[in-house]
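One structure below.
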Amino acid sequence: MPLDDICIIRGYGCFDFLRAYNGKPFLFKDHYKRFKNSAKVLDLKVPLDEKKVHDIIIKLLKKNGLKNAHIRMVITGGQSPDAITSVKPNFYILMDKLIDLPQNLFEKGAKLITHDYKRLFPEAKTTTYMSAVRLQKEKKKKGAIEILYTNGGKIYEASTSNIFIIKKGKIYTPKNGVLNGITRKTTIKIAKTHKVIEKDISVKELFAADEVFLTATNKKVLPIVEIDGKKISNGKPGEITKELLSNLEEYIKENSK
Ligand code: PMP
């Protein structure tokens, strides 16, 4: 990327992040659609159609000898005559081998810290993750996996994940002001008999929940057992969360043959 790309100077760009299993990009249609939408929100355009991008990804996976991979499709504002107008955006596809979170996090559950923040253009996956990057040291010091954004007494999403809570057998997830997570959508689909209610959720409801979990492409369904040093329920992954993780893993297996 040129050093005077306005993604570097102004933070103007968007991307999408997906996984490939068995040499096949997983839920590619959904990721491409969201990528297109993120670009539209920023007044950018994905320069290639869905099939072209898919074909390039398949080619790159083969070329790099990757079967299971992390993939990033990125559009940056590009070089600019006045250092602020985007005239010729750049498009990149990056990939690397897939690394899963350690299994014990799924078995024992993970911790969160909260931070008062709301993302600008939450429906778009922009390249601006300033708060998240700035707080990584603090997050690690506290042994947390993620930073949960709260604002005005409500919970929104974590820095790179969506959040769900469970109370009395019912599953809830914030409806507004969050990224349309592809794993969020898939989890709602595979919840089967458990209905998922999308609504505003208060911080108070979060701490009173029976179970809490995150969803994200790189975290699947991840149980959360402690937030800001306070235990959620008995401090152990809940039964419904475990069921959803197992359903999601089954869904991934079935859909990446
Ligand atoms: N919210 C934000 C801000 C994110 O960056 C991500 C990661 N893409 C998510 C939620 C989860 O989305 P997905 O399930 O599509 O990975």
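The values are calculated or read from the model by the stated rules, or taken from the named source; none is laboratory data. Bear in mind that the values here come from a model prediction, so they are computed numbers and not experimental data. Here the Cβ is made from the backbone with ideal geometry for all residues, glycine too, and neighbour counts use every protein chain on show.
In region 107-141, which residues are in a loop (DSSP other than H, G, I, E, B) and either more than 16 Å from the ligand (Cβ to nearest atom) or out of contact with any Gly (no Cβ under 7 Å at 6 or more places or on another chain) (or both)?
Gly109, Tyr117, Arg119, Leu120, Phe121, Glu123, Ala124, Lys125, Tyr129, Leu135
Conditions (1) away from the ligand (no atom under 11 Å from the Cβ); (2) more than 30 Å from Phe15 (Cα to Cα); (3) surrounded by fewer than 20 Cβ atoms within 10 Å (Cβ to Cβ), marked per residue:
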position: Val178; (1), (2), (3): no, no, no
position: His194; (1), (2), (3): yes, yes, yes
position: Lys199; (1), (2), (3): yes, no, yes
position: Glu205; (1), (2), (3): yes, yes, yes
position: Ala208; (1), (2), (3): yes, yes, yes
position: Val212; (1), (2), (3): yes, no, no
position: Lys220; (1), (2), (3): no, no, no
position: Val225; (1), (2), (3): yes, yes, no
position: Ser233; (1), (2), (3): yes, yes, yes
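Which condition does Leu101 not pass, out of (1) part of a loop (DSSP other than H, G, I, E, B); (2) surrounded by 15 or more Cβ atoms within 10 Å (Cβ to Cβ); (3) at pLDDT 95 or above; (4) away from the ligand (no atom under 11 Å from the Cβ), if it passes all the others?
Single failed check for Leu101: (2).
Against the condition under 18 Å from the mean Cα position of the chain (by Cα), in a loop (DSSP other than H, G, I, E, B) and among the aliphatic types (A, V, I, L, M), how does Leu48 come out, does it pass?
no
If a residue must be within 12 Å of the ligand (Cβ to nearest atom) and either touching a helix residue (DSSP H, G or I) at 6+ places or on another chain (Cβ under 8 Å) or without any contact (Cβ under 8 Å) to a residue 24 or more places away in the chain (or both), how many such residues does region 149-160 contain?
3
I need the full set of residues from region 33-68 which are touching a helix residue (DSSP H, G or I) at 6+ places or on another chain (Cβ under 7 Å) and free of Cβ contacts under 8 Å to residues at least 40 places away in the same chain, in order please.
Those that are touching a helix residue (DSSP H, G or I) at 6+ places or on another chain (Cβ under 7 Å) and free of Cβ contacts under 8 Å to residues at least 40 places away in the same chain: Glu50, His54.
I'd like the residue in region 15-33 that is within 11 Å of the ligand (Cβ to nearest atom) and farther than 17 Å from Ser256 by Cβ and, out of all such residues, is farthest from the chain's Cα centre (by Cα).
Checking each candidate, the answer is Phe15.
Given Ile75, Ile71, which one is free of Cβ contacts under 8 Å to residues at least 60 places away in the same chain and either acidic (Asp, Glu) or surrounded by 17 or more Cβ atoms within 10 Å (Cβ to Cβ) (or both)?
From the options Ile75, Ile71, the qualifying one is Ile71.
Pick from Ile224, Ile197, Ile252: which is assigned to a helix (DSSP H, G or I) and either farther than 22 Å from Tyr156 by Cβ or not charged (D, E, K, R) (or both)?
Ile252
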